[in-house]
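What follows draws every value from the coordinates through simple rules; no lab data is involved. Remember, predicted model here, so these are calculated numbers, not experimental data. Cβ placement follows ideal geometry from the backbone for every residue including glycine, while neighbour counts extend to all protein chains displayed.
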Amino acid sequence: MKISNFWTYNANEQVLGLELKDLTKDGTKEIIAQTKSGKIYILSASGQILRSKNITEKSPIWILKISNVSKSFNNVMLLGSLDGLLRVFQINKSLELKPIWTHQFGASISGIMINDINYDDKNEIIAYSLDKSLRVLDSIDGSLIWGQVFEDGISDAIILKENNSRTSIIAVGNDGTIRFFDAYNGELLNFLRFSNKMRCVSCIKSYDKIVIVCGGDDNKAHFIDYTSQNEIKTIPFDDIVWKIKANENYLVLTTYSFDFLNDSVAKNNIVYSSKMVCLDDRLNLKWELKNVNTEVFIPHRNEIILGTTKGELMIVDGSNGNLICNVKTSSCINDIKYDTFTDTIYICQDDGLISCYLLNY
């Protein structure tokens, strides 16, 4: 397997995230990027700038999602920013942005999910914020369906659907709790408290049971039986647990070190204690990749594509953790997207570069 650079565009500012979507309905996906200054860029698949627009008053856009929220409401862009304002636009084939509605949070928006959680054939918007609130909003007009409040800011959440019979929203927060809500009405079903802030949450099926996995600044991964909601396993680490993702066969988690904040050591010379760990569906260790500070990763077929603080774009064999490819780029990689149809990888970076790489088997 080889990676080759196809094109690079310089936005001349820190690019925080990417999304891929066929906005023009021509069978080819556009690349949509958001920046620290509150700007969005839309690029063609060949790297040509199609449109750019200032969205916020220099408030970083942390979250960008594009979805079809109903059968008649397509290409809807949702932007969550530091100023706490959730902005919703509809994008037409000419790439013009039509404002639809806004919803004000009291602090920075941490995440946005889009899902039909009440089975009305229309997606709801689930957003959560550092203002301590998790809110379910009507996707058509932004009205509040229900909300819940933590003791501190909310950092991550997932939606869990059980055979179309019950849907739960599971969220973790800076107050050290994991909370289970009935997605239909927001009822708090249960919560557990840990010794420090929780940063990430995911789930995996193990021994025919659903296991919820969360972790954070207590340097531990906690495994919770979804049915009994008892903790069944704990794995300690040397660093904070940063991100967790699972598929049908394995679970991948990364730890994170803030050693790069020490200005006395060049970022590229740091030997990080953080790592990537893969567990099988029985929650046993499959492999680990040491001394890697992962900013973002995505599972792809039997591989894992990841980007690091040092600016390394890596592909790892998901079965054994062996490094398949390693491309050194110019700065920290903030996001990665993969287009399965064209076998292309898109990344964005701290130094403003948006790049497309071709994946050749």
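Say the cut-off is 32 Å between C-alpha atoms; which of Lys53/Lys337; Lys98/Lys243; Lys132/Lys337 go over it?
As for pairs spanning more than 32 Å Cα to Cα, those are Lys98/Lys243.
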With a 24 Å threshold on alpha-carbon distance, the violating pairs from Lys58/Lys122; Lys29/Lys93; Lys220/Lys245; Lys36/Lys71 are Lys58/Lys122; Lys36/Lys71
Computed over the Cα atoms, what is the radius of gyration of the stretch 260-361 divided by 2.2 N^0.38 Å, N being its residue count? 1.11
Calculated FRET value between Glu151 and Asn360, using beta carbons and R₀ = 51 Å, to 0.05: 0.55
Output the relative contact order of the chain, whole-number percent, from Cα pairs under 8 angstrom with separation of 6+ residues. 13
Full-extension gain between Lys58 and Arg193, please, as 0.36 nm times their residue separation minus the C-alpha to C-alpha distance. 45.0 nm
Compute from the Cα atoms of the stretch 1-107 the Rg and the Dmax, the latter being the longest Cα-Cα distance, and quote both in angstrom. 14.2, 47
Magnitude of the Cβ-charge dipole (Lys and Arg +1, Asp and Glu -1) of the chain about the Cα centre, nearest 20 debye, reported as 500
If each residue's Cβ is checked for other Cβ atoms within 10 Å, how do Ser46, Ser319 rank with the fewest at the top? Ser46, Ser319
Ordering of 125-136, 342-353 by burial proxy (mean other Cβ atoms within 10 Å per residue, highest first): 125-136, 342-353
Å³ per residue of the Cα convex hull, for the chain? 140
I want to check the label-to-label distance for Phe73 and Thr102. Put each point 7 Å from Cα in the C-beta direction and report it in nm to one decimal. 1.9
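What is the Cα radius of gyration of the stretch 197-302 over 2.2 N^0.38 Å, N being its residue count?
In units of the globular-protein estimate, the stretch 197-302 measures up at 1.12.
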Please identify, among Arg282, Arg301, Arg51, the residue showing maximal mean-square fluctuation in a Gaussian network model of the chain using a 10 angstrom Cα cutoff. Arg301
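Using a Förster distance of 25 angstrom, determine the FRET efficiency expected from the C-beta separation of Ile324 and Asn268, and round it to 0.05.
Numbers: r = 22 Å, r/R0 = 0.87.
The formula returns an efficiency of 0.70 here.
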Quote the relative contact order of the stretch 1-53 in percent (integer), defining contacts as alpha-carbon pairs under 8 Å separated by 6+ residues. 27
